[in-house]
Number of protein chains: 2
Amino acid sequence: MKLDRSKHCIIPQPLTRDAFAIFGDVIEVDEKRNNFMINDGYTQRYHDLAKVDVSTNAGKVLLNIFRATPLPEPIIVKKMERHPLSSQAFIPLGEQPYLVVVAPAGPFDETAIRVFSASPDQGVNYNPGTWHHFCLAQHEISDFLVVDRSSEGENCDIAKLNRFIEIGHAQ
Amino acid sequence: MKLDRSKHCIIPQPLTRDAFAIFGDVIEVDEKRNNFMINDGYTQRYHDLAKVDVSTNAGKVLLNIFRATPLPEPIIVKKMERHPLSSQAFIPLGEQPYLVVVAPAGPFDETAIRVFSASPDQGVNYNPGTWHHFCLAQHEISDFLVVDRSSEGENCDIAKLNRFIEIGHAQ
């Protein structure tokens, strides 16, 4: 098959819990979800914000920091990855927004790719198998806390796009 | 026994990995520890920064956000807590320093309390059983990502101090 390397453009949409539900969790303060006061009234606990799933094949949870350099503009999506055995969460530690590029779990369908703009107050947790682009910092080098799985056993598939996607800018 | 409610004062010390080693992990970027480039050279991965330990009694890992209000100054340490079944990690999501008050695991020894000043770029992970004060934000209401354990089974002990501690300020 001859590949079509022409591009099309996707404008990022705001990240919301509902829009992201089929891909995973949005990790954020939300007064409408389970939260309660602890510590003599000095701490509000926003409870259990993501389904961390790392236990397949006796996996253990890892806490890591990813220091991400922004890609050159315009950002071109050429490939995606998935971790079939585990969830993976990214929580921004800085003050910049970032981009989240995902496609549903299952056979890779590049026509189903979605692009979200996440605020500095929003983390994401990809469900096992959710296709996603690697960490897309914006504006400056940005640190993320990453919650994933120890690496015993192959746990990363890559899919290349036939038609590249340019990430546009909302007007 | 008549309690001695007089106070004494402890000046916070800078948080370092070595000084904190008997209490748990410091979660921070450290070029001297295991890190490597991924994502086509756009991400540096600082790998496996904390020993998350939540599996006792089939515990599962939780991701939460704690929104902490600073205590009135001067801060007085009156009690400490520990989670015998699990580690607990706090990673600051904002730009303010915070205080970390700990004592070694085992029978509570209030004479062994240590007070650290953590920078906004440093998280901490308390080992199971490490005595610690609850979340001590400074300067403004501050959010922390907290990695702990689902709450089945009792997992919090409280110890009250006979002699309160006032947390002083470094000159």
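Which whole-angstrom value gives the distance between the alpha carbon centres of segment B:34-53 and segment A:29-102?
Spelled out, the Cα-based centre of one part sits 15 Å from the other.
State, to one decimal in nm and shortest first, how far the label point of B:ASP157 sits from each corresponding label point in the other identical copies (label point: 7 angstrom along Cα-to-Cβ).
Shortest to longest, the spacings are 4.8 nm.
Taking R0 as 35 Å, what's the FRET efficiency between B:HIS8 and A:ASP40 from their Cβ-Cβ distance, rounded to 0.05? Can you show the working numbers first?
Working: r = 22 Å, r/R0 = 0.63.
That gives a FRET efficiency of 0.95.
Give me the summed buried accessible area for the B-A pair, 1.4 Å probe, to the nearest 100 Å². All intermediate terms of the calculation are to be shown ahead of the outcome.
Values: alone 9730 and 9730 Å², together 15840 Å².
For chain B against chain A, roughly 3600 Å² becomes buried.
Kindly state, to the nearest 0.05, the FRET efficiency for B:HIS169 paired with B:GLU31, given R0 = 22 Å and r defined as their beta-carbon distance. Provide the component values of the computation, followed by the final result.
Details: r = 31 Å, r/R0 = 1.39.
With a Förster radius of 22 Å, E is 0.10.
Just the number, please: Stokes-Einstein D of segment A:17-171 in µm²/s, Kirkwood Rh from C-alpha pairs, 25 °C, 0.890 mPa s.
Numbers: Rh = 16.5 Å.
Estimated via Stokes-Einstein, D reaches 149 µm²/s.
Rounded to the nearest 500, what is chain A's calculated 222 nm mean residue ellipticity when only DSSP H runs of at least 4 contribute -39500 (n - 2.57) each, over all residues?
It lands at -500 deg cm²/dmol.
Taking a point 7 Å out from Cα toward Cβ as the label site, list the nm distances between A:ALA170 and the same residue in every other copy, smallest first.
Shortest to longest, the spacings are 4.1 nm.
Given charges of +1 on the Cβ of Lys and Arg and -1 on the Cβ of Asp and Glu, with all other atoms neutral, how large is the dipole of chain A about its Cα centre, in debye to the nearest 20? Please list the in-between numbers first.
On the way: 17 positive and 22 negative charges, 116 e Å.
For chain A, the charge dipole is close to 560 debye.
Using +1 at the C-beta of Lys and Arg and -1 at the C-beta of Asp and Glu, which of B:VAL52, B:HIS8, B:PRO70 has the Cα lying farthest in the positive direction of the dipole of the protein assembly as shown?
Value computed over the given set: B:VAL52.
Could you work out, residue by residue across B:81-88, how many beta carbons of other chains sit within 10 Å of that residue's beta carbon, and then give the average as an integer? Write down the numbers at each step before the final one.
Details: counts 1, 0, 0, 0, 0, 0, 1, 0.
Counting Cβ atoms of other protein chains within 10 Å of each residue's Cβ and averaging gives 0.
May I ask you to give the solvent-accessible area per residue for the protein assembly as shown, in square angstrom, as obtained with a 1.4 angstrom probe? Can you show the working numbers first?
Values: 15840 Å² over 342 residues.
Ligands and nucleic acids excluded, the figure is 46 Å² per residue.
Scan segment A:16-47 for trypsin sites (Lys or Arg not before Pro) in coil per DSSP, keeping those whose Cβ has at most 12 other Cβ atoms within 10 Å, and list them by number. Spell out each step's value before the answer.
Values: sites: A:ARG17, A:LYS32, A:ARG33, A:ARG45; in loops: A:LYS32, A:ARG33.
Loop-located and lightly packed - A:LYS32, A:ARG33.
Summarise the partner chain shielding of B:23-33 as one whole number: the mean count of Cβ atoms from other chains within 10 Å of each residue's Cβ. Walk me through the numbers before you get to the answer.
Working: counts 0, 0, 1, 0, 4, 2, 4, 1, 0, 0, 0.
Mean shielding by partner chains, rounded to a whole number: 1.
Given H placed on each backbone N at 1.01 Å, which residues far from A:LEU62 in sequence or on other chains put an amide H within less than 5 Å of it?
Counting only residues 5 or more places away or on other chains, the set is A:ASP148, A:ARG149, A:SER150.
Using a 10 Å cut-off around each Cβ of peptide B:48-57, what is the average number of partner chain Cβ atoms that fall inside? All intermediate terms of the calculation are to be shown ahead of the outcome.
Details: counts 8, 6, 4, 3, 7, 2, 3, 3, 0, 0.
Counting other chains' Cβ atoms within 10 Å and averaging over B:48-57 gives 4.
Write down the percent of antiparallel bridges among all DSSP beta bridges whose residues are both part of the protein assembly as shown, to the nearest 5. Mind showing how you got there, number by number?
Working: 86 of 98 bridges.
Once the DSSP bridges in the protein assembly as shown are tallied, antiparallel ones form about 90 percent.
Pulled fully out, how much extra length does the chain show between A:ASN57 and A:ASN162, if you take 0.36 nm times their separation in residues and subtract their Cα-Cα distance?
Length gained, A:ASN57 through A:ASN162: 34.5 nm.
Could you list, in their original order, any pairs among B:LYS51/B:LYS79; A:LYS7/A:LYS160; A:LYS7/A:LYS78; A:LYS60/B:LYS60; B:LYS60/B:LYS160; B:LYS51/B:LYS160 whose Cα atoms are separated by more than 19 Å? It would help to have the intermediate numbers written out before the result.
Numbers: B:LYS51/B:LYS79 25 Å; A:LYS7/A:LYS160 13 Å; A:LYS7/A:LYS78 10 Å; A:LYS60/B:LYS60 11 Å; B:LYS60/B:LYS160 29 Å; B:LYS51/B:LYS160 28 Å.
Over 19 Å apart, Cα to Cα: B:LYS51/B:LYS79; B:LYS60/B:LYS160; B:LYS51/B:LYS160.
What net charge do the residues around B:VAL26 carry, taking every other residue with its C-beta under 11 Å from that of B:VAL26, with Lys and Arg at +1 and Asp and Glu at -1?
Summing Lys/Arg as +1 and Asp/Glu as -1 gives -3.
Once you sort the root eigenvalues of the Cα gyration tensor of the protein assembly as shown as a ≥ b ≥ c, which label holds: rounded (a/c under 1.5), prolate (a/b larger than b/c) or oblate (the other case)? Intermediate results must be reported in sequence, preceding the final value.
On the way: a/c = 2.29, a/b = 2.05, b/c = 1.12.
Prolate, because a/c is 1.5 or more and a/b exceeds b/c.
In the protein assembly as shown, what percent of the accessible surface is made up of carbon and sulfur (1.4 Å probe, ligands and nucleic acids excluded)?
Numbers: 8200 of 15840 Å².
Carbon and sulfur together cover 52 percent of it.
Put +1 on the Cβ of each Lys and Arg and -1 on the Cβ of each Asp and Glu in the protein assembly as shown; which of B:GLN96, B:THR111, B:ASN155 then has its Cα farthest toward the positive end of the dipole?
The residue sitting farthest along the positive end of the dipole is B:ASN155.
How charged is the neighbourhood of B:PRO74? Take every other residue with its Cβ under 11 Å from the Cβ of B:PRO74, and add Lys/Arg as +1 and Asp/Glu as -1. Don't skip to the end; give the middle numbers.
Working: positive: B:LYS7; negative: B:GLU73, B:GLU166.
Its environment carries a net charge of -1.
How far, in nm to one decimal, is A:PRO84 from itself in the other copies if the label point is set 7 angstrom along Cα toward Cβ? Shortest first, please.
Its label point is 4.3 nm from the equivalent points in the other copies.
How much net charge surrounds B:ALA137 when only other residues with a Cβ under 15 Å from its Cβ are counted (Lys, Arg +1; Asp, Glu -1)? Numbers along the way, then the final one.
Working: positive: A:ARG45, B:ARG67; negative: A:ASP40, B:GLU73, B:GLU95, B:GLU140, B:ASP143.
Here the count lands on -3.
The values are calculated or read from the model by the stated rules, or taken from the named source; none is laboratory data. These figures come from a predicted structure and were not determined experimentally. Heads up, the Cβs are rebuilt from the backbone with ideal geometry, glycines too, and the neighbour counts pull from every protein chain shown. Calculation scope for accessible area: heavy atoms of the full protein, side chains included, ligands and nucleic acids excluded. Shrake-Rupley method; radii C 1.70, N 1.55, O 1.52, S 1.80 Å.
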